[in-house]
Amino acid sequence: MLTLARIYTYSKTDLGDEKFELIEVEHDHLDKTVESLVRNGYELMPEGITPEKYIDHIVEV
């Protein structure tokens, strides 16, 4: 049986527009996907000041 995880991200475009995105991945690929997002400038579930790009939350389905 395939187990999915959903990664919700937030970022701002160069024009300052907010962008929300849902990424669905197989559970086995979750860690590598999160690592890839972090390498691309996303912060993992920040507290306090909101960065330009961050992973809002992760839900296992």
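The values are calculated or read from the model by the stated rules, or taken from the named source; none is laboratory data. Nothing here was measured: the structure is a model prediction, and the numbers come from that model. Cβ coordinates were reconstructed from backbone atoms using ideal geometry, including for glycine residues, and neighbour counts include every protein chain displayed. When the accessible area is computed, the model is the full protein with side chains, heavy atoms only, and any ligands, DNA or RNA have been set aside. Shrake-Rupley method; radii C 1.70, N 1.55, O 1.52, S 1.80 Å.
Rounded to the nearest 10 square angstrom, residue 27 shows an accessible area of 70 square angstrom against a 1.4 Å probe.
Seen from residue 6, the other residues with C-beta closer than 9 Å to its C-beta sum to a net charge of -2, counting Lys and Arg as +1 and Asp and Glu as -1.
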